[in-house]
Amino acid sequence: MSNSDSIRPTNFVRDIIQKDVNDNVHGGKVITRFPPEPNGYLHVGHAKSICLNFGLAEEFGGQCNLRFDDTNPGKEEQEFVDSIKEDVQWLGFQWSGEVRYASDYFDTFYAWAIHLIKNGKAYVCDLSPEQASEYRGWATQPGKDSPFRDRSVEENLDLFERMKNGELDEGACVLRAKVDMTSPNMNMRDPILYRIRKESHHQTGGKWCIYPSYDFAHGQEDAIEEITHSICTLEFQDHRPLYDWFLDNLPVPSRPHQYEFGRLNLSYTITSKRKLKQLVDEKVVAGWDDPRMPTVHGMRRRGFTARGIRNFCDGLPVAKSGGVVDVAQFEAAVRDDLNENAPRAMCVLDPVKVVISNMEEGAVEQMTAPAHPQREMGTHTMPFTREIYIDRADFSEDSSLSRKKFKRLVLGEWVRLRSAYVIKADEVIRDASGELQEIRASLVPGTVGINPPEGIKPRGVIHWVSATEGKQATIRLYDRLFLNEAPDATDEGFLKYVNPESLKVLEGCWIEPGLIDAQPEQSFQFEREGYFVADRFDHSAEHPTFNKTIGLRDTWASKTN
């Protein structure tokens, strides 16, 4: 169960399942499924569906199947199958039994298609796609029957067999259900059951050259697996009458029921697989797992934790209508989780050297600090030396700056170094161009963990790293990929909203030496900078690499106001 169970809101699907369990419907069993198509990587919207389907099964002591709806071999790859399995497990769930595939049931689907033909409820149609579209009509205009609708059972069986045997070309014909061309529901106007696709399949190889449509496969998969509650997103609501029509007209072993809920849409975020693929193909991002992508792989690499994602999804309403959730709400859930669980450390992103004149050269003092200010997570030690780095933005020569506006180091004044001494900035050294090269300072003895003597009032507290014992690192600063709140409001032009500042790579940053031993995917709060994660692929002791997950606070509100 998720850590957020105490705040998980009730919802209509849970209420339905609870009533079914109480009334002993389905023998009291609860069997759900998560049925992705393996034609891309999972995104944050899928994470909500995963949490809902697996979470409800866990809650009611049932099971959740992982089933791939692999009916379109031209767009599906084993890479996507493997990534989806990895994502489900990383999020903390385990499917029941073996992984299932629509292709496991292709023989059954074929037999059931023949069943429909023999009962006069399916026919082979030779209309071209353009002709079929014309015959289908419009939402406000009924369709008209295909001229091939009244073929005999014998002719349809022969043609369907020839389709299966590869004797007909792709696009030459399709198998359609004989439902109602005048139905106000466009999905009921003699939908396609099978298409000819002479392509190898990642599971069945070259066995088949005809493949079932999603609509034909979906409900039958549910029935074969004895799914009790088939939970889909709202775009499938208009497909439910067809879902039920197939169940009514086929010898299925069980009778599942489909329920629809509003999918997760986030502001400033694209979740269309087609558009995500376009970002990858056009190299706007570095791949499906680019930390700017809303894919589970991308969020994971950026440092979003599985717990944070689950807490967010569990806290969302499950409603019968759609809507857009502010991405700041998602970021807040991730930030809250990292604030509670990420140990603290120090990193200087834009270093300027400070030389402490009253400290002996070569001396090293070990400063100890708690790994977390509110939790028992042990301590970490940081070497303190005569030469240290502080962030360039933490120093000013302008002594007229008020203490309220600038709580950092000012020439001629004092500041506290985090978990170390109070120091005073005495002098600045510049290079030939006038650029600040070095700050000369002096420490106040006896001020480690102790207030300085009366009359010495530090402006604030800043972070630091030893210039001689610290390590250099690559830091990748990630930000939202899109500048527009609704970048995919139209089918075209969303790329013009790509944020050119969504990635900045900083070399020559300085980290405390213990961070080189961080494990890939280990998260930290870099004090006063934000939350960062050791890159799961590129980080090593020889080449420390950290990705910025999120800032300490939301700064986008001020950007957009």
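The values are calculated or read from the model by the stated rules, or taken from the named source; none is laboratory data. Keep in mind that what you see is a predicted model, and the values were worked out from it rather than measured. Here Cβ is always computed from backbone atoms with ideal geometry, including for glycine, and neighbour counts include all displayed protein chains.
Looking only at residues of segment 171-195 that are touching a Lys or Arg at 6+ places or on another chain (Cβ under 9 Å), outside any strand (DSSP E or B) and of a type in the set (Gly, Ala, Ser), we find that the one that is nearest to Lys121 (Cα to Cα) is Ser183. Mind checking whether some residue in segment 48-55 is among the hydrophobic types (A, V, I, L, M, F, W, C) and surrounded by fewer than 22 Cβ atoms within 10 Å (Cβ to Cβ)? No: zero hits. Taking segment 254-317 as the region of interest, the helices (runs of 4 or more DSSP H) fully inside it that hold 1 or more residues being under 21 Å from Leu483 (Cα atoms) and not small (Gly, Ala, Ser) are 273-281, 296-302. Annotation note: of Gly303, Gly322, the sole residue that is outside the structural domain of Arg430 (by TED's automatic domain parsing), buried (at least 18 other Cβ atoms within 10 Å of the Cβ) and touching a residue at least 24 places away in the same chain (Cβ under 8 Å) is Gly303.
Each row is one residue, and each column tells you yes or no for (1) more than 19 Å from Asp215 (Cα to Cα); (2) touching a residue at least 40 places away in the same chain (Cβ under 8 Å); (3) in a helix (DSSP H, G or I); (4) in the same structural domain as Phe34 (by TED's automatic domain parsing).
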position	(1), (2), (3), (4)
Phe80	yes, yes, yes, yes
Gln89	yes, no, yes, yes
Leu116	no, yes, yes, no
Ser133	no, no, yes, no
Arg149	yes, yes, no, no
Leu159	yes, no, yes, no
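For segment 106-121, a residue qualifies if it is buried (at least 20 other Cβ atoms within 10 Å of the Cβ) and under 26 Å from Ser200 (Cβ atoms), and the qualifying residues are Phe106, Phe109, Trp112, Ala113. Annotation: Val415 fulfils all but one of (1) farther than 24 Å from Leu552 by Cβ; (2) in contact with a Pro (Cβ under 6 Å, 6 or more places away or on another chain); the unmet one is (1).
Criterion applied to Pro251, Pro241 was being without any contact (Cβ under 8 Å) to a residue 60 or more places away in the chain and over 25 Å from the mean Cα position of the chain (by Cα), and the one residue passing it is Pro241. For segment 257-292, a tally of residues being within 25 Å of Phe12 (Cβ to Cβ), surrounded by 20 or more Cβ atoms within 10 Å (Cβ to Cβ) and in contact with a Gly (Cβ under 7 Å, 6 or more places away or on another chain) returns 1.
Within the set Ala223, Ala217, the sole residue that is without any contact (Cβ under 8 Å) to a residue 40 or more places away in the chain, on the phi < 0 side of the Ramachandran plot, crowded, with 18+ Cβ neighbours inside 10 Å and not in a strand (DSSP E or B) turns out to be Ala223. Taken together, the residues in segment 490-537 that are farther than 15 Å from Gln472 by Cα and part of a helix (DSSP H, G or I) amount to 4.
Does Glu512 satisfy the criteria of being of a type in the set (Asp, Glu) and either out of contact with any Ser or Thr (no Cβ under 9 Å at 6 or more places or on another chain) or closer than 24 Å to Phe482 by Cα (or both)? Here the answer is no, as Glu512 does not meet what is asked.
Applying the condition of being surrounded by fewer than 23 Cβ atoms within 10 Å (Cβ to Cβ), of a type outside the set (Ser, Thr, Tyr) and over 19 Å from Ala286 (Cα atoms) to segment 526-549 and asking which residue is farthest from the chain's Cα centre (by Cα) yields Glu542. Note on segment 99-118: residues that are more than 21 Å from Ile192 (Cβ to Cβ), of a type outside the set (Val, Ile, Thr) and either modelled with pLDDT under 95 or in contact with a Leu (Cβ under 9 Å, 6 or more places away or on another chain) (or both) total 1. Of the numbered criteria (1) under 19 Å from Ser103 (Cα atoms); (2) not in a loop (DSSP other than H, G, I, E, B), the one Lys198 fails is (2). When the criteria are applied in full, Ser133 meets the requirement of being loosely packed, with under 14 Cβ neighbours inside 10 Å, of a type outside the set (Asp, Glu) and within 30 Å of Pro38 (Cβ to Cβ). For segment 143-202, the tally of residues that are under 40 Å from the mean Cα position of the chain (by Cα) and closer than 23 Å to Pro241 by Cα stands at 18. When segment 378-407 is filtered for residues that are surrounded by fewer than 19 Cβ atoms within 10 Å (Cβ to Cβ) and in contact with a helix residue (DSSP H, G or I) (Cβ under 9 Å, 6 or more places away or on another chain), the ones remaining, listed by number, are Thr381, Pro383.
For Gly92, the conditions (1) within 17 Å of Glu226 (Cβ to Cβ); (2) surrounded by fewer than 21 Cβ atoms within 10 Å (Cβ to Cβ) all hold with the exception of (1). Here Glu485 meets each of (1) part of a loop (DSSP other than H, G, I, E, B); (2) over 38 Å from the mean Cα position of the chain (by Cα); (3) acidic (Asp, Glu) with one exception, condition (2).
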